[in-house]
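Nothing in this text is a laboratory measurement; each read-out follows from the coordinates by a stated rule. Note that the structure is a prediction, hence the values are computed from the model and not measured. FYI the Cβ positions are ideal-geometry reconstructions off the backbone, even for glycines, and counts take in every protein chain you see.
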Ligand SMILES: C[S@@+](CC[C@H](N)C(=O)[O-])C[C@H]1O[C@@H](n2cnc3c(N)ncnc32)[C@H](O)[C@@H]1O
């Protein structure tokens, strides 16, 4: 029990939203204190940490803050864009460009308030009229067109993430988790105003984050499938900190569907390559063995890219597939040795006890979450 003795993983009550961690919704994030603590204990400045399921970039942000190089991989294009924005420090010039952009949008708002209604044709996206009011679609299109005119890619990506963060609020979708279409009666210029306010809020967060970055590090992010990490050299990674999907729990590719349509991000790649999705195990009714097979492929790749004696910290939860409870710690115990990992430690928690630690919606049917420590031998 190396870790349980050395560290305390009960982050109940800790602020999870500091610096850029709160930017943009993303499901099943782990608490930033987890990678923060593990990086402090097990990584040195200049080393490389990998998160092969980087999601919203929690590990990458913490690595940047500690002067550690990071590689993030996610099958979901929006996750990659979000990770990039959250873990990239702004320079003063970027800040000034955003302030200038806000003024531009404020002028458009002023024009609308003076009675000059927008005449722009909304961008064509699938099911536009069902999910978006005409005035909202026009305002989103206006923001996108203004972003397109910019040259600074860091600023463009930041503004896209701000826009993406308000898409569900201004759509007819009831909420991030409820897919019913309702009439929200969104007034003219509401979308533009919300965008301006969010831009200011996110800019403050990003500047606070940027001021804390002192060391020069690299953060590389790949929109790829972690069953094939052939773009990462063998034995090149010092440490892995990650949380793969919990099988049959989410469809990450569906969660940000409208956002991706507006931002022209690919949906199909994530749809067909996401492992452990509800689509695979509830809709397509794949057997539990498919989950084990996919996990083994990912673990083989993690083993290949880690340096000898390198550690991998995996946060993962049990699941139910075809009414069978899959105790994932036992599954991983079963295959680890054979593929080159020693198991150093498994800390398990009932969600009832640690409901703020990982994913509260998961506290059911005897399922547990585990923090598994592996060492490449
Ligand atoms: C539990 S979430 C990770 C959340 C992350 N720790 C955070 O704090 O934001 C799991 C992630 O795995 C990604 N994923 C699923 N299948 C994948 C695959 N084959 N390759 C890479 N990423 C994948 C999903 O898109 C999702 O972002």
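Computed values, structure above
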read-out: Helical contribution to [θ] at 222 nm, DSSP H n ≥ 4, -39,500 (n - 2.57), averaged over the chain, rounded to 500; value: -13000 deg cm²/dmol
read-out: Alpha-carbon centroids, region 192-214 and region 306-343: separation in whole Å; value: 38
read-out: In range of the label at residue 289: residues from region 225-252 whose backbone nitrogen is under 19 Å from the point 7 Å along Cα→Cβ; value: 248
read-out: Rh by Kirkwood over Cα pairs, then Stokes-Einstein D for region 264-349 at 0.890 mPa s and 25 °C, µm²/s; value: 169
read-out: Solution diffusion estimate, µm²/s, Stokes-Einstein, region 151-211, Kirkwood Rh from C-alpha pairs, 4 °C, viscosity 1.567 mPa s; value: 100
read-out: Mean Cβ neighbour count within 10 Å, used as a protection proxy, ranking 219-225, 126-132 highest first; value: 219-225, 126-132
read-out: Sequence of 40, 242, 373, 58 once ranked by neighbouring C-beta atoms within 10 Å, starting from the fewest; value: 40, 373, 242, 58
read-out: Cα pair distances of region 1-129 binned at 5 Å [whole percent]; value: 2, 9, 14, 14, 15, 13, 10, 7, 6, 5, 3, 1, 1, 0
read-out: Radius ratio Rg over Rh of region 120-278, counting only Cα atoms, Kirkwood formula for Rh; value: 1.01
read-out: Rg over Rh, two decimals, the chain (C-alpha only, Kirkwood Rh); value: 0.99
read-out: Nitroxide proxy distance, nm - points 7 Å out along Cα→Cβ at residue 124 and residue 264; value: 1.5
read-out: Degrees between helix 33-42 axis and first principal axis of the chain (Cα, 0 to 90, nearest 10); value: 50
read-out: Within the chain, percent of DSSP bridges classed antiparallel, to nearest 5; value: 55
read-out: Relative pair counts by distance (%), Cα atoms of region 92-211, 5 Å bins; value: 2, 11, 21, 23, 19, 14, 8, 3, 0
read-out: For region 95-123 versus region 143-170, the gap between their alpha-carbon centres in whole angstrom; value: 13
